[in-house]
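Only the coordinates and a few stated rules stand behind these numbers; no lab work does. Here the structure is a predicted model, which is why all the values come from computation and not from measurement. Glycine gets a Cβ as well: all are built from the backbone with ideal geometry, and neighbour counts include every protein chain shown.
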Amino acid sequence: MRRFIHETMEDVDRSPEEREAVLEEHEAYFDAQIEDHIVHPRDDLTSFLIGAEIDGSKLSEAHIRGTLTLLMIAGIDTTWSAIGASLWHLARHLEDRRRLAGDPELMSTAIEEFLRAYAPVTMARLVARDFDFHGHPFKEGDWLLLPFPAANRDPEAF
């Protein structure tokens with residue numbers, strides 16, 4: 001899974017054919033897992049999704065595979081990003097590292113602060129219609145990054 005995340009999220013220099021091969025390998029892996037869960041149901045998320053319905057219809061295998069892919073990417077990428085950023089902070093701020101080591105009761109607060117200060121998630125959206133934002137034109141269909149983690153660094157709030 002780590003290799004898949006790297007190849008799809010980080011290794012942007014791949015050709016379209018190489019990217020397609022990575023996606024096909026990933027799809028084949030999850031398709032095999034789904035088939036195995038159909039034959040051998042168990043008490044886990046994959047079996048839950050196989051049995052789930054929306055408006056009386058079972059989820060398609062493509063929907064199940066897409067859900068599992070999203071959860072895998074979101075779970076792995078955000079987790080290692082949050083851990084890495086926290087370790088980076090502690091490596092650069094000796095006083096914080098000493099304070100946390102000296103008072104383990106601060107761990108819960110430290111984790112919340114690391115997630116606030118180094119939020120591992122952001123979002124992007126497609127621009128719905130042309131508009132101008134303070135002299136910066138945006139065109140319908142453009143991608144727009146919504147850096148909402150930046151709000152966690154608002155000096156008026158924190």
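With just the Cα atoms defining each centre, how far is segment 41-84 from segment 85-124? Give it in Å.
29 Å
Could you give the radius of gyration (one decimal) and Dmax (whole number) of the Cα atoms in segment 116-158, in Å?
My reading of the Cα-based Rg and Dmax gives 13.1, 35 Å.
Given Cβ point charges of +1 (Lys, Arg) and -1 (Asp, Glu) and nothing else, what value in debye, to the nearest 20, does the dipole of segment 1-151 about its Cα centre take?
Computed charge dipole of segment 1-151: roughly 660 debye.
In the chain, once you exclude exposed trypsin sites (Lys or Arg not before Pro) (DSSP loop, at most 14 other Cβ within 10 angstrom), what's the longest stretch remaining?
Longest stretch, sites excluded: 43-128.
Given labels modelled 7 Å from the Cα in the Cβ direction, how far is it in nm from LEU144 to THR67?
Reported label-point gap for LEU144 and THR67 is 3.1 nm.
By how many nm would the segment from ILE111 to GLU53 grow when fully extended, if each residue of separation counts as 0.36 nm and the alpha-carbon distance is taken off?
Working it through step by step, the gained length comes to 17.2 nm.
Calculate the dipole size of segment 98-145 relative to its Cα centre from +1 charges on Lys and Arg beta carbons and -1 charges on Asp and Glu beta carbons; express the result in debye to the nearest 20.
In total the dipole reaches around 80 debye.
Could you work out the percent of alpha carbon pairs in the chain separated by over 22 Å, rounded to a whole number?
Above the 22 Å cut-off, the chain has 64 percent of its Cα pairs.
What's the angle, to the nearest 10 degrees (0 to 90), between helix 61-92's Cα axis and the longest principal axis of the chain?
Roughly 20 degrees between the two axes.
Please return the longest stretch of the chain lacking exposed loop sites, where GluC sites (Glu not before Pro) count only if DSSP places them in a loop and at most 12 other Cβ atoms lie within 10 Å.
1-139
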